[in-house]
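Every read-out reported here was derived from the displayed coordinates using simple, explicitly stated rules and does not represent laboratory data. Every value quoted in this text rests on a predicted model; they were computed, and no experiment measured them. Please note: Cβ atoms are built from the backbone with ideal geometry, for glycine as well, and neighbour counts cover all protein chains shown.
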């Protein structure tokens, strides 16, 4: 083998180390973003004292941060769960978005595609219409539960309809079924809202997404689902690369196309439904983060999936910072911030692609 | 060395019967070429053997019937090159060829060093080394064809199915591609089934031709037995002259009708 042959043929061989480096950088970025996220807020201690206080909590480290117990409570009980939840939500939405894009071989697909958003919105609307005052006495808050169940039911309906009308391996029929289910759920939601116009404001603010009320309870609530769905999606990263040559050729290469799609869609939906249930609908993360990641690390899902996971966490933690301080002391909904940053970014991205081609 | 058998193969698309009662047995290392007009069912036979369409009857590799629900079992024995492969334009050529190892990689793990070594040797054998780091979208038609064949070879399957392997290539690249398949068949003992439109090339490379018409095999044999003007007129509706060169090569040439109508 001549020298250029060796380097060129070796390119797929280098990948394991490069992925490890990317993941290490990503984990460091998540840590930095989370510390920054914990430093900023309308009330509480001076920002620079927070990292010291966090260091102080590490085992075998003792630093005098100068924080009072009350200030530490602000950091630990209000900011920390919010930052952790933002990281989980951002990571899950972008990983689910990347997985959906892989499984449907369509770059414009997002995790809400198969009806998860509309179903969750409908579930939340029903709870608001029943009345938050009457549900406040319930032992379990029905809002996240209804959103979660709504999302799962909507995606299940999409899957059943799409499989019934589509061919054996057709992803396109599934996407179209998702459009139909989304319209249907949205129509019911609009009907309910029209009859209960007093809750429009609450529903609207839920739809725009919120992290402001995050508690450690929310984190504990979503963590099992997020962990399970993350593991399932990451395990499929090589198989998503096989799917890039189309369903027929992937099948001829020995891939169980229908099973892969079912498991990946199931995992992505479970994760999406769980985070939507606690954070509302946060737009754009599932599309723009995977696309930005592709520009940096290339199109292979072996890199896109793990890096999207980490980049999504960084993005949402940082996007949540302006949402806290822009309209201080009021909150700017996180969904507004992500779409406000996301839309121009998306256009710039499309332009960059066009220039390259 | 591996045999490939078709027993009473049938393929339906809805109400249309694309293939009916197709039987054949390829001996190990044989090259069989399916010919016939458009819609005769050639591709359907290949797609059935590749497990891409439902079929009745059976396909057997070394006299073992292919289990219906095991794409992995099948893909370790049968490699399939479609007529117009999907080109993931931003994928690297090396990554593309590496996909051919999928049948041998456990579901959720990555390729082993042995898999990568196998891919390197295929890339070297097909002289793709200089292209391995390039993007698929940057390749010419002939280079893409070699890359797709490389992926099929990386499967290390003893049976190779080629659907119209040369239809998109110029005469030089057609020859290169078929010579390559022929060389690999000899070196590696591959059993090859191809579907082809160019009758002269089909007769030149395949040891046996099977002529299909409306889903049924209507003639089979060597080039000089099948490529007969009367037969081609009947099933292709074509008016052709057939020359036999002194070396035995059968050349099929269309005849221009001076009156502007095609007889048949």
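So how long is each side of the stretch B:1-61 along the principal axes, counting just the alpha-carbon atoms, biggest first, in Å?
38, 23, 18
Most exposed first by the Cβ proxy, i.e. fewest other Cβ within 10 Å, how do A:272, A:186, B:249 rank?
Values: A:272 34, A:186 16, B:249 13.
Fewest-to-most ranking of A:272, A:186, B:249: B:249, A:186, A:272.
For the stretch B:9-142, what ratio Rg/Rh do Cα atoms give with a Kirkwood hydrodynamic radius? The partial results should precede the final answer.
Details: Rg = 17.4 Å, Rh = 17.3 Å.
Reported Rg/Rh (Cα atoms, Kirkwood Rh): 1.01.
Given a cut-off of 28 Å, what percent of all Cα-Cα pairs of the stretch A:201-345 lie beyond it?
Values: 2796 of 10440 pairs.
In whole percent, the share of Cα-Cα pairs in the stretch A:201-345 beyond 28 Å is 27.
Report for the stretch B:4-254 the percent antiparallel among DSSP-assigned beta bridges with both residues inside it, nearest 5. Please report the intermediate quantities before stating the final value.
Details: 25 of 42 bridges.
Taking every DSSP beta bridge within the stretch B:4-254, about 60 percent pair in antiparallel fashion.
For the stretch A:28-86, treating each Cα as an identical point scatterer without solvent, what Debye log10 I(q)/I(0) comes out at q = 0.23 1/Å?
-0.92
Name the residue, out of A:18, A:79, A:105, whose mean-square fluctuation peaks in a Gaussian network model built on chain A with Cα pairs under 10 Å.
Looking only at A:18, A:79, A:105, the biggest GNM fluctuation is shown by A:18.
For an R0 of 30 angstrom, estimate the FRET efficiency from the Cβ-Cβ distance between residue A:164 and residue A:108 and round to the nearest 0.05. Walk me through the numbers before you get to the answer.
Details: r = 25 Å, r/R0 = 0.83.
About 0.75, to the nearest 0.05.
Determine, for A:242, A:35, the number of other Cβ atoms within 10 Å of each Cβ, and report the residues in order from fewest to most. Let's see the in-between values first.
Details: A:242 22, A:35 16.
Least to most surrounded, the residues fall as A:35, A:242.
If the elastic network links every pair of Cα atoms under 10 Å, which of B:220, B:113, B:177 fluctuates the most in the Gaussian network model of chain B?
Most flexible of the set in this elastic network: B:113.
How do B:87, A:39, A:233 rank when sorted from fewest to most other Cβ atoms within 10 Å of their own Cβ? Can you show the working numbers first?
Numbers: B:87 16, A:39 20, A:233 30.
Ascending number of Cβ neighbours within 10 Å: B:87, A:39, A:233.
How many nm separate the modelled label positions at residue B:182 and residue B:12, each set 7 Å beyond the Cα in the direction of the Cβ?
Computed distance between label sites residue B:182 and residue B:12 equals 4.2 nm.
Nearest 5 is fine: what % of DSSP beta bridges in the protein assembly as shown come out antiparallel, could you say? Let's see the in-between values first.
Working: 25 of 42 bridges.
About 60 percent, rounded to the nearest 5.
Using label points projected 7 Å from each Cα along Cα→Cβ, tell me how many nm separate residue A:43 and residue B:170, to one decimal.
With each label point 7 Å from Cα toward Cβ, the separation is 7.7 nm.
Using every pair of alpha-carbon atoms in chain A, split the distances into 10 Å bins beginning at 0 and state the percent of pairs per bin, rounded to integers.
It works out to 5, 23, 31, 24, 12, 4, 1, 0, in whole percents.
Determine by what factor the alpha-carbon radius of gyration of chain B differs from 2.2 N^0.38 Å, reporting the quotient.
This ratio for chain B stands at 1.04.
Between residue A:180 and residue A:156, what is the FRET efficiency for a Förster distance of 22 Å, r being their Cβ-Cβ separation, to the nearest 0.05? Provide the component values of the computation, followed by the final result.
Working: r = 14 Å, r/R0 = 0.63.
With a Förster radius of 22 Å, E is 0.95.
Which residue fluctuates the most in chain A, going by a Gaussian network model with Cα springs under 10 Å, if the choices are A:238, A:259, A:303?
For chain A, modelled as a Gaussian network with Cα springs under 10 Å, the answer is A:259.
Running Debye on the protein assembly as shown with equal point scatterers at the Cα sites and no solvent, what base-10 log of I(q)/I(0) appears at q = 0.10, 0.12 Å⁻¹?
-0.94, -1.17
Using Stokes-Einstein with the Kirkwood hydrodynamic radius over Cα pairs, what translational diffusion coefficient do you get for the stretch A:200-242 at 20 °C and a viscosity of 1.002 mPa s, in µm²/s rounded to a whole number?
On the way: Rh = 13.0 Å.
Estimated via Stokes-Einstein, D reaches 164 µm²/s.
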